[in-house]
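What follows is one structure encoded as structure tokens, with my remarks underneath.
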Amino acid sequence: MMTDELREQLIKQFSAEVIETKGDMDQVYYSCPGCGRPVSKGMDKCGCGQALSWKNIKTSEESQGVKKATLQFEVPIDFAKGDCRKCPISYIGKSDGDNVYECPLKMRGSCKLEIS
């Protein structure tokens, strides 16, 4: 049976595409996909041992800090924004010993759902 450390070393032998990131003042730098350390263009290996590939450089959206995701689902016809009782993704949680409807997206009181 392989140990986790041995498995990690074997995986690092396969080259991974470097990530292009824009820093402050729109400067471009490259980082290792395994550990996130900055690497110089053309390096074959990162300091962590990860083999690097420069064929298809990935771009990163880390500088913005967030990405936008869309979740689409059906709601009852009489559903209104902020009505967690009728929202299909809400769940019943405990608050001060009482059962309350909770939003898994943490939008209770500031529902950002778009109804079409």
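The values are calculated or read from the model by the stated rules, or taken from the named source; none is laboratory data. This one's a predicted model, so the numbers in the text were calculated from it and none came from an experiment. Neighbour counts are summed over all protein chains in view; Cβ atoms, including those assigned to glycine, are modelled from backbone coordinates with ideal geometry.
Points to keep in mind about this one:
- Qualifying residue in region 18-30 (condition: aliphatic (A, V, I, L, M), surrounded by 12 or more Cβ atoms within 10 Å (Cβ to Cβ), at pLDDT 80 or above and within 18 Å of the chain's Cα centre (by Cα)): yes
- When region 70-116 is filtered for residues that are on the phi > 0 side of the Ramachandran plot and at pLDDT 80 or above, the ones remaining, listed by number, are 96, 97.
- Residue count for region 83-104, restricted to those that are out of contact with any Ser or Thr (no Cβ under 8 Å at 6 or more places or on another chain), in a loop (DSSP other than H, G, I, E, B) and not acidic (Asp, Glu): 7
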